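Asker: Sharing a structure, written as structure tokens. Questions coming.
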Amino acid sequence: MHHFEARRGELHCEAVPLRRIAETVGTPAYVYSHATLSHHYRVFDEAFSGMPHLICYSMKANSNGSVIRTFTNLGSGVDIVSAGELSRALAAGAPPSKIVYSGVGKHIWEIEEALRCGILMFNVESREELETIDSVAGRMRKRAPISIRVNPDVDPKTHPYISTGLKKNKFGIHIGQAMRDYEWAARRKNIEVVGVDCHIGSQLTEISPFVDAAERVRLLVEKLLRKGMPIRLVDIGGGLGITYNDELPPHPKQYADAVVRAFSGLAVTLVLEPGRVLVGNAGILLTRVLYTKDAPATAGKGKKRFLIVDAAMNDLARPSLYGSYHAVVPVGRAPEKRALTDVVGPVCESGDFLAKDRRLPLYRSGDLLAVMSAGAYGFSMSSNYNSRPRAAEVMISGRRFEVVREREGPRDLSKGERTATFLLGRGKKRGRIL
Ligand code: LLP
């Protein structure tokens, strides 16, 4: 469900015509619907009402402060993977007591910052990390609340780059080895064992991998409880998929029912780390056609039309990186006639495309298009490749719209950069000699 729809031939986000945004803010621009974000959060939250739970929005999906604040205002916590995310989460109103910290490579200074502000728990991904957290906490005279991220060896049946719960993946500690590390952790005075964590992958469109993982995690939780470990949090990560094209992912309610059933009767609080399901369909990438051109027919395929738009792989990496599908729809009325089309950006790579081999209307230069379902892993994965300033981000609520991140300018592109003095011919005194 989302609030992007055509009214009288013009695509709107809530009550605002997207054309108006293109005219005032320019393109490319990410546009987010506040009503969709809030609705998704509420539906997800209500789905878990049968069990004590805490939603920790996985902010890597979209780290814009106004997006995070939309959720923290509704009571959400945040799932972070770096100290950078920690500071942005705090700035967006997340209470430290609702922050969980995942990730395979936590730096010592990052662990220190998280301990200093008193987060809910570290999701620990290796024995060495556990030992590091123990010694950092010891030095700071603190107790670090931890859960071990277990790898349940379940195939999430999604794109290999976003599968995380298989033995061959770098994530977590194999579920069969976790007990040893829990026992070690329980003996450390600077570690407080509080939970078990698991995340098997992203964009899952079936329920069974979640259930398989939850059943394995439950067995471990029961074993830990029998050994007297005070497990009170069970974090089952994120990963619920959304519809980009014709996928039929389970509704949050179905997902929640299955998860709640798997842990029923246990006196624990469920921690959930949804990202994509909250933000994916709440955002679009607004872009304008710069040029069109027709390529001659190739063997096996007919003629191909290229729409060269002003958004590129640096703005939305998903199609190039994973071959992901994003619907491309017109902002105004579209011509009836269609042709086999690639929607491509200005970046100098053949892999720079937003859509490939689609039968699209014969758009013309100047037309505005919306690349749908771009709210998750869109802006947050964008870059300055080809020295392209990152796009503006806009949030809509009803009739109001606000720029929630300015479009970058030329200064942002060389921020922090210096010309080596020896290149300027007067650098004898400055610069370091190693
Ligand atoms: N928790 C952990 C530990 C994660 O690693 C992730 C995502 C999530 C939660 C949130 O998962 P979600 O609910 O969004 O599926 N860039 C890729 C997705 C990478 C997912 C990384 N981890 C994409 O564009 O599809």
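Asker: Looking only at strands (runs of 3 or more DSSP E) that fall completely inside region 1-103, which ones have 1 or more residues that are aromatic (F, W, Y), in contact with a strand residue (DSSP E or B) (Cβ under 6 Å, 6 or more places away or on another chain) and surrounded by fewer than 23 Cβ atoms within 10 Å (Cβ to Cβ)?
Answerer: Hits in region 1-103: 4-7.
Asker: Also: Got a sec? Which of G378, G332, G351, G366 is loosely packed, with under 14 Cβ neighbours inside 10 Å and out of contact with any helix residue (DSSP H, G or I) (no Cβ under 6 Å at 6 or more places or on another chain)?
Answerer: Every option except G366 fails the conditions.
Asker: Of the numbered conditions (1) open to solvent by 60 Å² or more (accessible area, probe 1.4 Å); (2) in contact with a Cys (Cβ under 9 Å, 6 or more places away or on another chain), P230 fails exactly one; give the number of that condition.
Answerer: Only one criterion is unmet by P230, namely (2).
Asker: If you don't mind, there's one more thing I want to ask. Provide a single number: the residues in region 52-63 that are in contact with a Phe, Trp or Tyr (Cβ under 7 Å, 6 or more places away or on another chain) and either away from the ligand (no atom under 16 Å from the Cβ) or not hydrophobic (A, V, I, L, M, F, W, C) (or both).
Answerer: 2
Asker: Something else about it: Could you look through region 201-227, keep only residues that are in contact with a helix residue (DSSP H, G or I) (Cβ under 9 Å, 6 or more places away or on another chain) and open to solvent by 60 Å² or more (accessible area, probe 1.4 Å), and pick out the one that is farthest from the ligand (Cβ to nearest atom)?
Answerer: K227
Asker: Here's another thing I want to ask about it. Scan region 237-261 for residues that are among the aliphatic types (A, V, I, L, M) and within 14 Å of the ligand (Cβ to nearest atom) and report the count.
Answerer: Within region 237-261, the first condition is being among the aliphatic types (A, V, I, L, M), and the residues that meet it are 240, 242, 248, 256, 258-260.
With the extra rule that they be within 14 Å of the ligand (Cβ to nearest atom), the set shrinks to 240, 242, 256, 259.
Qualifying residue count for the region: 4.
Asker: Now for a separate question. May I ask you to list the residues in region 293-308 that are open to solvent by 50 Å² or more (accessible area, probe 1.4 Å) and over 29 Å from T243 (Cα atoms)? First the steps, then the outcome.
Answerer: Looking only at region 293-308, we keep the residues that are open to solvent by 50 Å² or more (accessible area, probe 1.4 Å), and these are 293-294, 296-301, 303, 306.
Hits for region 293-308 are K293, D294, P296, A297, T298, A299, G300, K303.
Asker: To continue, here is another question. Of the residues E23, E14, which is in the same structural domain as D367 (by TED's automatic domain parsing) and on the phi > 0 side of the Ramachandran plot?
Answerer: E14
Asker: Kindly check whether there is at least one residue in region 158-169 that is assigned by TED's automatic domain parsing to the domain that holds P230, crowded, with 23+ Cβ neighbours inside 10 Å and among the hydroxyl-bearing types (S, T, Y).
Answerer: no
Asker: Continuing with the same structure: Could we say that D246 is open to solvent by less than 60 Å² (accessible area, probe 1.4 Å) and either at pLDDT 95 or above or not aliphatic (A, V, I, L, M) (or both) here?
Answerer: no
Results for (1) under 25 Å from L360 (Cβ atoms); (2) not in a loop (DSSP other than H, G, I, E, B), shown as yes or no for each residue.
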residue	(1), (2)
Q254	no, yes
L266	no, no
F306	yes, yes
D315	yes, no
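Asker: For region 104-137, enumerate the residues that are in contact with an Asp or Glu (Cβ under 9 Å, 6 or more places away or on another chain), open to solvent by 40 Å² or more (accessible area, probe 1.4 Å), in a loop (DSSP other than H, G, I, E, B) and not small (G, A, S).
Answerer: The answer is V104, and nothing else.
Asker: Restricting to region 277-292, name every residue that is open to solvent by 10 Å² or more (accessible area, probe 1.4 Å) and within 14 Å of the ligand (Cβ to nearest atom).
Answerer: Listed by number, the residues that qualify are V277, N281.
The values are calculated or read from the model by the stated rules, or taken from the named source; none is laboratory data. What you see is a predicted model; the values in this text were computed from it and never measured. So basically every Cβ, Gly included, is an ideal-geometry build from the backbone, and we count neighbours across all protein chains shown. Quick note on the areas: whole protein, heavy atoms, side chains included, nothing else; ligands and nucleic acids left out. Shrake-Rupley method; radii C 1.70, N 1.55, O 1.52, S 1.80 Å.
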